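Working notes, structure below.
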Amino acid sequence: MMFDRPSRIAALAAFLALAATLPVKAETAARDLFGAKTQPSAQGSEAYGFYSHGCLAGGVGMPKNGETWQVMKPSRNRAWGHPALIAFLQRLSREAAAEDNWRGLLFGDMAQPRGGPMKNGHASHQIGLDADIYLTEMPNRRLTDDERDNMDLPSVIDPRTKHVDERRWRPEMLKLIRTAARSPEVQRIFVNPGIKEKLCKTATGDRKWLNKVRPMYGHDYHFHVRMYCQPGESGCEPQESTGGAEGCDLDWWFNVALKPPKPGAKPPKPRPPMTMAALPNACRSVLAAPARDGGTAVAARRASPPQEMAPSDSEVPPEAPQAMPAMAQTPSPLRSSFAPVPPAAVPIPGSRPLQ
Ligand SMILES: [Zn+2]
């Protein structure tokens, strides 16, 4: 029997009233949705949102091997980035080999194929403009996948003193971090406070680059490079400037932040996982977009991509693309400072300086 219109409205109202009493299904964590994507979206490349809550359209894979780099941790599938990041890292590795006495670089995590929050390991790395670079030199042979996943990557920090372990520190590490920090496309670099201290004590000549190098928990066997939002990408939220100061006053880090927690101190409460509501709307279409065939790259909408875009075993590194123009854009308002969460065992002190 057909309902007449008023009856249908009444039935709908009754259904909605019933639905409201049912328990709401917990919203899926965004990290599960993005973590399930094994391929980038078939879209033009663009970063959406902020480094710690955003996503990446049209991600590009870092080739597993180049003359001056190898990609580590292949089982994680996190060697994806904005084409500007992929091009920059390749260029940096060539520069480090040519000028800083590095045989080559070992690259760590960049982003997931579509960026977004990760199940473990990072608060940022979400928009394809962050990358970890190990402080261990590339060996003179090609590592196996197993070695890349399990190789010991030693810390340069003495765990007892929190300062640099002089037996592990090499002057080339300063050179490499300096070369990265002087690159106009780099917004900031994170290193352990002990490394920052070492840089402050040993940098000679022009020290302006030190302002981009920010102390952070962890980051003792790798450093983290963050690029600026790319020109014209209005959906990318820029981070505030690091200013011009060298940032060599590390008292707070050594006297407060790195001190062991007081006995009985409560560990920081874990934050609930981010849902899609915390990400820009564009990230829904990034998730929903069809996968790009791994072998063919979609031309980047604005950045000039390297010639070889898909992960491969190619020996020959692609030609260096033209240098990115200096990032002159200063859209406002700038995002306030982002600070990654410290390891679970480290309490978060009350007055954290800006990062
Ligand atoms: Zn990182």
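We did not get these values from a lab; they are worked out from the coordinates using the rules stated. Keep in mind the model is a prediction, meaning the values are calculated, not measured. Cβ placement follows ideal geometry from the backbone for every residue including glycine, while neighbour counts extend to all protein chains displayed.
Quick notes
- Cβ crowding within 10 Å, taken as a proxy for footprinting-reagent exposure, orders TYR221, TYR228, TYR48 from fewest neighbours to most as TYR221, TYR228, TYR48.
- Whole-Å semi-axes of segment 237-298's equivalent ellipsoid (Cα gyration tensor): 39, 22, 13
- Given charges at beta-carbon only (K, R positive; D, E negative), |dipole| of segment 94-147 in Debye: 200
- Working from Cα pairs under 8 Å separated by at least six residues, relative contact order for segment 126-273 is 28 percent.
- For peptides 180-193, 272-285, sequence by mean Cβ density within 10 Å, most packed first: 180-193, 272-285
- Cα gyration tensor shape for segment 196-279, rounded if a/c is under 1.5, else prolate or oblate: oblate
- The per residue volume of the convex hull around the alpha-carbon atoms of segment 155-212 is 78 Å³.
- Proportion of all alpha-carbon pairs of segment 85-210 beyond 18 Å (%): 59
- Interchain or long-range residues, amide H under 5 Å from GLU237's placed H: GLY49, PHE50
- Largest-first principal axis extents of the Cα set of segment 122-196 (Å): 34, 30, 26
- Measuring spread by the Cα atoms of segment 31-84 yields a radius of gyration and Dmax of 12.1, 35 Å.
- Square roots of five times the Cα gyration tensor eigenvalues for segment 55-125, Å: 23, 12, 10
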